[in-house]
Each structure stands twice: as C-alpha cells, then as structure tokens.
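Have a look at the structure below before the remarks.
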Amino acid sequence: MISYMPYPVRIDDIVVETEDGNLKTFKLVFENETHAKAWNHVPGQFAMLSLAGQGEMPIGIASSPTEEGHLLFTVNRAGKVSTALHQMNIGDRMGVRGPLGNGFPVDTAMKGKNIVIIAGGFAVTTLRATLLSLLARRPDYGKITFIYGARTPGMLLYRDELKQWAQREDIDLHITIDREAPGWDGLVGFVPTIAGDVAPSPDNSVALICGPPIMIKFTMPPLEKIGWTDDQVYLSLENRMKCGEGVCCHCNVGPTLVCKDGPVFTRSQVKQLPIEY
Amino acid sequence: MKVLKVTPAELDAMMQQWSKAHRVYAPALVKQPAASPNCAPGWRRVDGSGALTLSTGPTPASVKTFFFPQPETLLTYTLENNHPDKGLMREPEKSKEMQVVVGVRPCDARSVLLNNLPYQEDPFFQANRRRTALVGFTCDQSLSTCFCTQMGGSPLGSEGLDLAFSRTQDGFIVEVGSAKGEALVTGLDLAPADESEITALAARRQKEVKASSTELDTLKGRELGKLYDAPLWQPLGESCINCGACTFICPTCYCFDIQDEVVRGQGRRIRYWDSCMFPLYSLHTSGHNPRGQKVQRTRNRFLHKLKYFPDRFGPFSCVGCGRCVQDCPVNIDIREVMNDLLAVE
C-alpha cells in the first residue's frame, strides 16, 4: 500500500546558496530513528516536502545516499509551499514523503562507464547527489566529466564543494558562468558552448543532462556531432504533481507518468512522448 | 452461485432490514437538501421508509462518490502555537461502517473494477471498497445515450455487483455475486429462483449483441503519435468550453487534487476530484503550462480514456454510461470521438 503520511523531520540547518537569496539548502533530520533507517534512496529520486497548513511540493533529493543521518533539499523560492519553507527556521518541524520516482541508473547502465554530467542553473541538485554517489564508489566508473553553468558566480550552488572537487584529479570539472564578472577567472560561456569545447567522447559513456529545456535543446547538437546517441543520454523531467505515487494523474505526459515511470528518462524515451512537460 | 427469487415487497423489507445495521443509499431522483452529514451527493439515505424508484439508464450520480468521496481526509494536524505536537501529521481514522448502495446499474458496477486498477495500492480507496456493498439492477431498457455494449459491458451484466437484481414477470431474480452479497441475504427467508427464470435470463444475455467492442479494441494497437496528431482535436478543442462537467459526472474519471485546509488552528490534508480540463491542473510554478491550450486538455481527456489508460492497464477507462453525452453543454459525444479516432489513418 502507498502512504500519504510524510515522515516527521526537523530542519537541522539552512544554507543560503545564491546571491539573490532565492535558493536555500535545507538539511533535514528524521524525528524518528526507525524512519531514518527505513529511508533508502537512489540519486535522481525526489520527495514531497510537506508543510502542515501549506501543502506539498516535489523536490529532487540533493543529498547522496552515502550521506547518512540527514537529507538535503535545495529549494528555489517560487510558489506557495516553497515561499513558506523559506520562512521557516532551524528547529522547525515539517514532513518528507518519499523517496519517489526511479532515479539515475547508477547501479546498472552507468556502471563501468565514463560519466558525463551536464548541469545548468539549480537543476544541479540531484546531480550533486549523483556525483557524490559515484565518488563514494569511484573504481566502479570510468572518467567523470562534470560541466556546470550558472548565470553569475554568485548563482552557483554548493560553492565550497565545487572548490573541493576542483582539487581532485579524478574529476574533469568545468564550471562556467554566462558572462564575464569581476573576480571570476574561470570559464565564461553558456553550457552548450562549453560542452562542445570539452567534447566528451561518447565511447563507453553515459551523459546525465539537467537544466532548463533551452539549455538541453542546444547542448544536444554539439554532442550528436561527435557521435552521442539518444540512448546514452539521460534527462530528468518535471511536471506538476500531487500524489507522487502514480495515482492522481497530474504529471502525465501521454501515457507516461513522470512521478512513477520517471523522473529520469533516456532521451530516446522522451522523444517517444508528446511534448507535454 | 446462489440465485434467489425476490418480490417487490420483499425488496422493500430487505432494504429496511439492511438500514437497521448499515448505511443504505438509493439514487436521489429529486435534489437532496444540501450538506446533510455524511451525505453522498446524488444519493439519499434510506432509513426504513419509501420504495425504491429507479430511472431508466444510469443513476443521476455515479457510485464513485462512495469509493472516492470528496473530500477524503488524508491526514490531520494541529497548528496551535505552543502545542507540543504542532505540525505533526497524524493518520485519520477510517470509517469501517458498512454502506449498502442500492440501485446501481451494471455500467457503474464495472467502473469500480476499472478504477480499482490505478487505485490498487491506495489505502483509502481499498478501505472504502471493503466497506461498500453494491446492490445492482440490470437494465431492461436503454437510453439513446447508453453504449455500454460498445465498451465491453452489458445492460444485463452482473460484473462487480454483490447482488444483481433482474426483473421477472412478478418480481426479481437475484444473483449473489460475492461474500458481501451473501451476508446481505443471510437470515432473510428467500426462496431460490425457478430454474426456468434462470434459463430465461441466460437466454436474454445470450441475445445481447456485443456491438462494435472488437472494432474499438483496434484503437489499443494504434500508434500514439498518429492518434495524438489527428486533425480531429482542433475542432473538438474549439467547441469544448473546458467546463469539466464530463469529468465530474464520469464514473471512471479518477484524478484528484490535494490541498491543506486549516480552520481555527486545526488542519487537515484533503483530496478531492480534480479535472484535466482545467488549466491549473498542469500549470508549473514557473508559469509554464504543458497543456496550456484548450485543445491539449480536451485531447488529454479522450486519449486518457481510450489510449493512455488501456496502454497501462488493458481495458478502456469508459463504461459507456453516457452521462457525459447527456450533460455536455456543447454536445460533444465520446462515441463520435471514438469513431473519428478509428478513422484515423
């Protein structure tokens, strides 16, 4: 049986991620030890953040399963529930329902492969979870390329971790911003351009691409030019959701339910669907 | 299977008997006073008096209200300041009281079986199923809007009914279809039906022509892209006013919305019927709407019933009750849509 009851959690920490203050990362700790033990997710899955009196919203899980004892969610302040969440404080109680959806195939299609991760804007959240999972079992994967772009240096998420990853020799890291900014000596340019410059080899490789639809659209041609096929590319869809369990019908894209069949699909699967996402 | 013989007077007595122990409902043929406790819109509580009258064709309101009531409380909480449990969500108590719904038509009985496919794992729907018995009456007459035979049903069908009444010359023969039905007739002094009446009913069923259900089945094998891009949606979407009436009266429309409701510090999370005809249904917080156009929403409703649902679960999500055909303010007829879809090359 499915359950509409969220696990009770407390907000353990709040980090303001971006210079505009619109993105905050919430660290959530389970109130009940048995719930903490029962929780088991795959990177790329999402959960319903549940606020009494406000409602629920589906948010990708930003923490990796390897980070035990807590969950991280990076939330953009946009609608009713996210605005209310942004006003909450450390110590406040809320709920988490999940994990929901399928997640990235870290144990199957990605195993033994070179991994190319391409992220734009705040869609990087579940890809952070994925990267940490890959790093925890580094020998299981080949070369890891991580391309991540934001509008300005101040809009990059997880900046401390980006610095740590830049020190590592086992990640090919490319961080870019849209246009020149004072104090920025890194890459400048849109994600599709950088992806074209990096030109990761498609041989024995899998790419995970998350970002605004326009970014995904323009990232594909340079990859296709060097031989990438749609079966190698994984995307994550989002749609309005209510139940997250495949019952309420809200997130349907044709016969496919984003909450249950997805949110992760190969690009060839997405191409079979009507454009209702 | 047990088959009994019941006179109209005995039926009256049975309903009175049931209403002593259970909530008994019958179709309301006149409008009921609003907001009576535990009311079921379109249905009236039977409390010992009043004979059962049934209209020809489907009941005014479908039976989905008994399995998928609105609102259904999913959880409760308090938001009182300084309360130690502030914001802690609790499971609501589910009612276990038996409800007996009398006067159900075969089309609606099938709709419960179809809705059960997506709701297989839903604790609320399943709890309501356990506590609800359906007492149905097969149809002697059909309306011009009825098309159950096209959808794989039958006006004489007993599928999904706990007790199925069929008219005979001087009363009814009653087929007991389940343990719940068995419990309803236990202790009542009812005679077994005559063999001749049982054969007569079987013969009438035999004669029922399964209209074009096999032809319609070919829709299931069609390529989605072709049906989706068919030219029929544009004119259909233009005439549809997206009022959503069809989705609410439909026994097999089952989507829902979830909202929080707080009154004086006491809150609950409720779910209630939604409609894919409404723009808000698919609207993202960003303002992007994947089905922002009316034609896209109209198409979604029909393709969900005739393609998406069968792709997932097998059968069509339509029982052919014809309520949407009767009540559509702009005269959209799902039978015409099906014919147009069959003609798509």
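General observations
- Look at where the Cα atoms of the range A:1-75 and of the range B:151-165 average out, and the two centres are 47 Å apart.
- Here B:LYS2 and A:GLN272 are evaluated by their C-beta separation; at R0 = 56 Å the FRET efficiency comes out at 0.65.
- Each residue of the range A:163-176 was assigned a 3J(HN,Hα) from its phi angle through the Karplus curve 6.51 cos²θ - 1.76 cosθ + 1.60 (θ = phi - 60°); the sequence is 4, 5, 5, 5, 6, 7, 8, 9, 10, 8, 9, 10, 9, 9 Hz, with glycine and proline shown as x.
- Of the GluC sites (Glu not before Pro) found in the range A:34-132, those in coil by DSSP whose Cβ has at most 10 other Cβ atoms within 10 Å are A:GLU68.
- Note on B:GLN120 and A:ARG10: their simple-model spin labels are 4.1 nm apart, each label 7 Å out from Cα toward Cβ.
- Shielding score for A:238-247, defined as the mean number of other chain Cβ atoms within 10 Å: 5
- Chain B - charge dipole about Cα centre, Lys and Arg +1 at Cβ, Asp and Glu -1, debye rounded to 20: 560 debye
- Loop-located trypsin sites (Lys or Arg not before Pro) across the range A:117-197 with a Cβ neighbour count of 14 or fewer within 10 Å are A:ARG137, A:ARG168, A:ARG179, with loop assigned by DSSP.
- Across the range B:3-211, C-alpha contacts under 8 Å between residues 6 or more apart give a mean separation that, scaled by the residue count, equals a relative contact order of 24 percent.
- Within the shell of other residues whose beta carbon sits under 15 angstrom from the beta carbon of A:VAL188, the net charge comes to -2, with Lys and Arg scored +1 and Asp and Glu -1.
- The helix-only estimate of mean residue ellipticity at 222 nm for the protein assembly as shown, built from DSSP H runs of length n ≥ 4 each weighted as -39500 (n - 2.57), is -7500 deg cm²/dmol after division by the residue total.
- Relative to the Cα centre, the charge distribution of the protein assembly as shown, modelled as +1 at Lys and Arg Cβ and -1 at Asp and Glu Cβ, gives a dipole magnitude of about 680 debye.
- At an R0 of 35 angstrom, the distance between the Cβ atoms of B:ASP311 and B:LYS31 translates into a FRET efficiency of 0.35.
- The HN-Hα couplings worked out from phi for the range B:125-134 by the Karplus form 6.51 cos²θ - 1.76 cosθ + 1.60 (θ = phi - 60°) are 4, 5, 5, 5, 5, 4, 9, 10, 10, 10 Hz, whole numbers, x standing for Gly and Pro.
- Lysines whose Cα lies under 23 Å from that of A:LYS163, excluding same-chain neighbours fewer than 8 positions away: A:LYS24, A:LYS27, A:LYS143
- Under 28 Å of direct C-alpha separation, and excluding same-chain neighbours fewer than eight residues apart, B:LYS5 reaches these lysines: B:LYS20, B:LYS180, B:LYS207, B:LYS210.
- Theoretical FRET efficiency, 1/(1+(r/R0)^6), r = Cβ-Cβ of B:GLU80 and A:ARG77, R0 25 Å, to 0.05: 0.40
- Each Lys and Arg adds +1 at its Cβ and each Asp and Glu adds -1 at its Cβ; summed about the Cα centre, chain A shows a dipole of about 440 debye.
- Annotation for B:GLU215 and B:ILE198: the two label points, set 7 Å from Cα along the Cα-Cβ direction, are 3.7 nm apart.
- In nm, spacing of pseudo-spin labels at A:TRP184 and B:THR53 (7 Å Cα→C-beta vector): 7.6 nm
Readers should treat all values here as calculations from the given coordinates under stated rules, not as data from a laboratory. Just so it is clear, the model here is predicted, and its values are computed rather than measured. So basically every Cβ, Gly included, is an ideal-geometry build from the backbone, and we count neighbours across all protein chains shown.
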